[in-house]
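What follows is one structure encoded as structure tokens, with my remarks underneath.
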Amino acid sequence: MSTGSPVEIPARRGTAVRLRQGQSVRVINTHGQQVVDTWAFRDGDLGEFMSMEHSRVALGRIIPGVGDTMVTNRRQPILTLTEDNSGGIHDTLFAACDRWRYELLGCTGYHDNCTDNLSTALAELGLAPPETPAPLNLFMNIPVIDGNRVEIRPPVSTAGSYVTLRAEVDCIVAFSACPQDVVPINGLALRPTEAHFEVLG
Ligand SMILES: [Zn+2]
């Protein structure tokens, strides 16, 4: 059962939504090439949040698949991936982009970034993140080559494809439509676009 229509995650921006335990959120790659950085924080205690490093331990692999439950920095279940028709390629290795990433890439002025988008999204709920956890980078294609080297490649997802995440606890889920337009994180066109999410249940 849907409790709402799709909500836009504007291009280059972030947004956040509260989920009750048992609710799900469907993250839609509207145009197909847009990475969506995703975070989850326990409602009422933002010091506990979805952790990629702890989730990799729990899952025994670096890319979660359908049925996998991500855990927090206190090793408690927080989000379960219940549907994925995007091709199953996501990233748990790369930090969220930030002003320093863009400075290193040669940007001289301010560049939108996922770290600031997280802060802005939570601020709209009157909250502040305790830090910028490593995100679950939905649709981001970072293959591990020869067991060690990592490469940045365009997403394999297609327009309208989506993943669905179920809340295992009451939590706040934040998204950033990654504004990366220097390297092809968001496709070879280097053109960030909007994405959408929909709360289910
Ligand atoms: Zn980013």
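If you go through region 37-74 and keep only what is of a type in the set (D, E, K, R), in contact with a helix residue (DSSP H, G or I) (Cβ under 9 Å, 6 or more places away or on another chain) and closer than 15 Å to Val169 by Cβ, you end up with just Arg74. Residues that are surrounded by 18 or more Cβ atoms within 10 Å (Cβ to Cβ), in contact with a strand residue (DSSP E or B) (Cβ under 9 Å, 6 or more places away or on another chain) and over 16 Å from Val199 (Cα atoms): does region 21-31 have at least one? For region 21-31, residues surrounded by 18 or more Cβ atoms within 10 Å (Cβ to Cβ), in contact with a strand residue (DSSP E or B) (Cβ under 9 Å, 6 or more places away or on another chain) and over 16 Å from Val199 (Cα atoms): present.
Quick one: which of Gln33, Gln21 is over 27 Å from Pro179 (Cα atoms) and not in a strand (DSSP E or B)?
Numbers: Gln33 fails: over 27 Å from Pro179 (Cα atoms).
Result of the check over Gln33, Gln21: Gln21.
Assigned to a loop (DSSP other than H, G, I, E, B), farther than 25 Å from Thr158 by Cα and of a type in the set (Lys, Arg), is that true of Arg74? Show your work before the answer.
On the way: assigned to a loop (DSSP other than H, G, I, E, B): yes; farther than 25 Å from Thr158 by Cα: yes; of a type in the set (Lys, Arg): yes.
Answer is yes for this residue.
Determine the pairs where a residue that is among the small types (Gly, Ala, Ser), located within region 92-114, has a partner that is at pLDDT 95 or above with Cβ atoms under 6 Å apart, the partner being 6 or more residues away or on another chain. So the pair list comes out as Ala95/Ala134; Ala96/Asp37; Ala96/Cys114; Ala96/Thr115; Ala96/Thr132; Ala96/Pro135.
Scan region 87-103 for residues that are out of contact with any helix residue (DSSP H, G or I) (no Cβ under 9 Å at 6 or more places or on another chain), part of a loop (DSSP other than H, G, I, E, B) and not small (Gly, Ala, Ser) and the total you get is 2. Taking the condition within 17 Å of the chain's Cα centre (by Cα) and without any contact (Cβ under 8 Å) to a residue 60 or more places away in the chain, does Asp45 pass? No. With a requirement of 2 or more residues that are within 13 Å of the ligand (Cβ to nearest atom) and touching a Phe, Trp or Tyr at 6+ places or on another chain (Cβ under 9 Å), the strands (runs of 3 or more DSSP E) lying completely within region 104-201 that satisfy it span 136-138, 171-177.
Among Ile152, Ile89, Ile172, which is under 14 Å from the mean Cα position of the chain (by Cα) and surrounded by fewer than 20 Cβ atoms within 10 Å (Cβ to Cβ)?
From the options Ile152, Ile89, Ile172, the qualifying one is Ile89.
In region 183-201, the residues that are under 20 Å from Ile152 (Cα atoms) form Cβ pairs under 8 Å with partners that are assigned to a loop (DSSP other than H, G, I, E, B) and among the charged types (D, E, K, R), at six or more places apart or across chains, as follows: Leu190/Asp181; Arg191/Asp181; Pro192/Arg12; Pro192/Asp181.
The values are calculated or read from the model by the stated rules, or taken from the named source; none is laboratory data. Keep in mind the model is a prediction, meaning the values are calculated, not measured. Methodologically, a virtual Cβ is constructed for each residue, glycine included, from the backbone with ideal geometry; neighbour enumeration extends over all protein chains shown.
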